[in-house]
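Enquirer: Okay, here's the structure, questions in a sec.
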Ligand code: GAR
């Protein structure tokens, strides 16, 4: 496919979302090509996943730099050398400065394991269970300087069940992360998203029409 978008993926760990993106990019007709996987942590499993798929990798350790911006400049230099047009954060656990975010403005995606704007930050599943909400989920959004904010591209919703633990819920959400991240990246690459007044306008997509109720209650 001639006009596949060139995508760099940043990771810090096991890389299951990276794997979902790799599996999607291997599909004929998928509109993105992963040109580089960069980890800020050496020896993580995500790097093995990239190597197994024949995708070039790099380790840029934050520990080798005096401050965040010089660390990010090194990442940027690699991405520019690879001709990356978009960047996906996939379990990348470093806070990014305005320098990095603004240099990829509108071209930087993140996945977060909650239904944003609820539960920004860490321990999202534990907090969702503690709050007693009936649904959890995940969000793919464009990155803005404020953490876990930014125009939302796609979300997936899962129920929270009566006996859920944070681990059980995390597994249920993760399964949907692997669906929604490749979908959101495809929408962006195909030009079906437009950022307007801080939100994403979608075009040429089907949206969900049915409501979900949890628990499934019958009044009869
Ligand atoms: C995923 O659940 C992702 O949503 C989360 O880290 C996990 C990475 O897993 N990201 C964040 O919490 C970012 N705020 P993975 O390495 O298997 O993709």
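Enquirer: Quick one: compute the contact order of the chain, relative version, from alpha carbon pairs under 8 angstrom and 6+ residues apart, as a percent.
Expert: Relative contact order here is 18 percent.
Enquirer: For the chain, take the longest principal axis of its alpha carbons; what is the angle in degrees between that and the long axis of helix 16-25, to the nearest 10 within 0 to 90?
Expert: 70
Enquirer: So for 125, 178, fewest C-beta neighbours within 10 Å to most, what's the order?
Expert: 178, 125
Enquirer: What is the spin-label model distance, in nm, from residue 99 to residue 211 if the labels are put 7 Å beyond Cα along the C-beta direction?
Expert: Computed distance between label sites residue 99 and residue 211 equals 5.0 nm.
Enquirer: In percent, what relative contact order does the stretch 129-214 have, based on Cα pairs under 8 Å that are 6 or more apart in sequence?
Expert: Once normalised by length, the contact order is 28 percent.
Enquirer: Would you work out the Kirkwood radius for the stretch 35-142? I mean one over the mean of 1/r across all pairs of different Cα atoms, in Å.
Expert: The Cα-based Kirkwood calculation yields 15.5 Å.
Enquirer: Now a separate question. Compute a Gaussian network model of the chain, connecting alpha carbons closer than 10 Å, and tell me which residue from 26, 52, 156 fluctuates the most.
Expert: Looking only at 26, 52, 156, the biggest GNM fluctuation is shown by 52.
Enquirer: Translational diffusion coefficient, Stokes-Einstein: compute it for the stretch 72-114 using the Kirkwood radius over C-alpha pairs as Rh, at 4 °C and 1.567 mPa s, and state it as an integer in µm² s⁻¹.
Expert: The estimated diffusion coefficient comes to 117 µm²/s.
Enquirer: Among rounded, prolate and oblate, which fits the stretch 113-163 when a ≥ b ≥ c are the square roots of the eigenvalues of its C-alpha gyration tensor, a/c under 1.5 means rounded, and a/b larger than b/c means prolate?
Expert: It comes out oblate by the Cα gyration axes.
Enquirer: Going by how many other beta carbons lie within 10 Å of each one, how would you line up 57, 124, fewest first?
Expert: 57, 124
Enquirer: Something else now. Given an 8 Å cut-off on Cα distances and at least 6 residues of separation, report the relative contact order of the stretch 1-81 as a percent.
Expert: Result for the stretch 1-81 is 29 percent.
Enquirer: Moving on to the next point. Can you put 82, 23 in order, fewest other beta carbons within 10 Å first?
Expert: So the residues, fewest neighbours to most, are 23, 82.
Enquirer: Right, something else. Rounded, prolate or oblate: which fits the chain when a ≥ b ≥ c are the square roots of the eigenvalues of the alpha-carbon gyration tensor, with rounded for a/c under 1.5 and prolate only if a/b beats b/c?
Expert: The shape class here is prolate.
Enquirer: Among DSSP beta bridges whose residues both lie in the chain, state the antiparallel percentage, nearest 5.
Expert: 45
Enquirer: Separate question: Using only Cα atoms, tell me the angle between helix 166-189 and the longest principal axis of the chain; keep it within 0 to 90° and round to the nearest 10.
Expert: Taking the Cα atoms of the chain, the angle to 166-189 is about 60 degrees.
Enquirer: Same structure again: With axes computed from alpha carbons, what is the tilt in degrees of helix 68-81 against the longest principal axis of the chain, rounded to the nearest 10 within 0 to 90?
Expert: The answer is roughly 70 degrees.
Any read-out appearing in this document is the output of simple, stated calculations on the displayed coordinates, not a laboratory observation. The structure presented is a predicted model; accordingly, all values stated were derived computationally and were not measured. With ideal geometry, Cβ positions are generated from the backbone for all residues, glycine too; neighbour counts draw on all protein chains shown.
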